Amino acid sequence: MPRYFGEKVLLVLVFITIGIMVFRNQLLERELIIKPGEPGFELRLDTDAQDGGNTTAVWVDKDTFTWRCNLGTAYDYPFCGMQIWLSDNYLQGRDLSRFTTLDLWLEYKGNAQSFRVFFRNANPKYTKENEIRSTKFNMAELTVPGDHGHYDNIDLSHFRVADWWLQLYPLDMEDSITDFSNVSIIEIQSGTGLKSGEQNFQLRELKLVGLYFSVEQLYFAIIVGWAAILLVYLFARVRSLSQAVSKGKQKEAELSEINALLDARSRKLEEKTKTDPLTGAYNRTGIEDTLKKALLAWKQDQTSFALIMFDVDFFKRINDTRGHAIGDAVLKEISTIVSSHTRREDSFARWGGEEFILVCRNSSQAEAVDTAEKLRKIIAESRYAGDLKISASFGVAVIRENDSIEALFSRADIALYQAKNSGRNQVRFSE
């Protein structure tokens, strides 16, 4: 875990929690809206005809939820109304128990003083197949609307079960209370006490407002969530500290290993300077710091590096036929060529006699081979003191997992031997 990352996440979560608590009602609130043009609802008209009455009801404009009915006198308690079916089967409705208030926009013309709203609930305890009236009639009777026709925040807890329905379907006391868990039909119906007359209705909108879950449940979820977050955070912190301690010990062991590998060479060459006096390139002492840093970077970050080892072909022949002065001049010119055609992060050293090495930091196998091939070609195409043409052979090796400096040098040396043994003036890579 990056430093301070966990603390930043916790701070963000604190602000989120505060925001949830401040705006909890807006976040939790949900609505069910029924109005003209809203899909998913089936509309039906209902009258007392099923009870022997002669009340009639017709649609004035079904698309705008407008209907008219004439109360007849053949039934003692005449009524008419519009049913809004929430599904195509009255036994399967919607759970409206999370809704708490009702908003209603209703225009009415007639001689009634009130009208009724029913939320008809289906439950296997009392609802029977093929007997639609057995749906529980949860009801509220409201005074007829004024000119505005608007009712705000009708509390659903004020609804009650219709007395006449309880007489038809007697229930235990615990089942005789309102139930909105499976409402299949919402009905707007004429009020009680009417004996006759024309009734005109237009439902503009019916809206139920409630919460997805209670505020208490929200607070409980926040507490449980924070407990889980803190446990995860503490676990991550303990793990992070454990990994840091382990990594520190590992780095310490790796540094000790690197120092042990290079100390032997350092002790032998400690009296020599870091720069070769003839060519100006690093000598063995000078290149050791580069090797140490490259190996450390590899072990810590897997930053690859390559070792290129090369020497001048038939250099002894040059010394024997042209003299050591010409041989020294050739070595200096080769050093100039290599220094001019390598990267700033590459380190060049004279390893001994006519043998040179090039340490290529942050270099892959393909890049190291390309570098060696480029240098081989330039060396072969150049002219040297006394108009000499010479060539060089190259061996390339790239650091591997669990590799040591000795193993890297050994593979580069083997590749160089293969290049010389195969005709010289070529590059070989250690497989």
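General remarks:
- When +1 charges are put on Lys and Arg Cβ atoms and -1 charges on Asp and Glu Cβ atoms, the dipole computed for the chain relative to its Cα centre reaches about 2640 debye.
- Order by protection proxy (mean Cβ within 10 Å, highest first), peptides 358-366, 239-247: 358-366, 239-247
- Model label sites at D152 and D61, defined 7 Å from Cα along the beta-carbon direction, differ in position by 2.7 nm.
- A cut-off of 5 Å between modelled amide H atoms, ignoring neighbours fewer than 5 places along the same chain, links R204 with W105, L106, E107.
- With R₀ set to 22 Å, the beta-carbon distance separating I378 from I326 gives a calculated FRET efficiency near 0.65.
- Helix axis angle, 5-22 relative to the chain longest principal axis, alpha carbon, degrees: 10 degrees
- The chain: Cys lacking any partner C-beta under 4.7 angstrom: C360
- Label-to-label distance, A385 versus L234, with points set 7 angstrom from Cα along the beta-carbon direction: 7.7 nm.
- Residue-wise HN-Hα couplings along the stretch 121-132, as the Karplus relation 6.51 cos²θ - 1.76 cosθ + 1.60 with θ = phi - 60° gives them from phi, are 9, 9, 8, x, 5, 9, 8, 10, 5, 6, 9, 5 Hz; Gly and Pro carry x.
- Solution diffusion estimate, µm²/s, Stokes-Einstein, the chain, Kirkwood Rh from C-alpha pairs, 37 °C, viscosity 0.692 mPa s: 107 µm²/s
- Alpha-carbon centroids, the stretch 86-135 and the stretch 391-431: separation in whole Å: 89 Å
- For the stretch 302-310, 3J(HN,Hα) computed residue by residue from phi via the Karplus equation (6.51, -1.76, 1.60; θ = phi - 60°) reads 6, 7, 5, 8, 10, 10, 10, 10, 8 Hz, glycine and proline entered as x.
- Highest-first arrangement of 117-124, 287-294, where packing means the average Cβ count within 10 Å: 117-124, 287-294
- Fluctuation leader among K125, K35, K207 - the chain, Gaussian network, Cα springs under 10 angstrom: K125
- Here the dipole of the stretch 103-220 is about 320 debye; that uses its Cα centre as origin and unit charges on the Cβ of Lys and Arg (positive) and Asp and Glu (negative).
- Selection from F315, A368, F429 lying farthest towards where the dipole of the stretch 272-429 points positive, charges on Cβ: F315
- Per residue, the chain reaches -12500 deg cm²/dmol at 222 nm when only DSSP H runs of four or more residues are counted, each adding -39500 (n - 2.57).
- Note that the stretch 187-195 has calculated 3J(HN,Hα) couplings of 10, 9, 9, 4, x, 7, x, 7, 10 Hz, one per residue in order, obtained from phi through the Karplus relation 6.51 cos²θ - 1.76 cosθ + 1.60 (θ = phi - 60°); glycine and proline are x.
- Spatially proximal aspartates and glutamates relative to K249 (Cα-Cα < 14 Å; intrachain offsets below 8 disregarded): E257
- Under a 5 Å amide H cut-off, with hydrogens placed 1.01 Å from N, D313 pairs with S391, A392, S393 among residues at least 5 apart or on other chains.
Values in this text are rule-based calculations from the coordinates and carry no lab data. The model shown is predicted, which means the values in this text are computed figures rather than measured ones. Cβ sites come from the backbone with ideal geometry, for glycine too, and all protein chains shown count toward neighbours.
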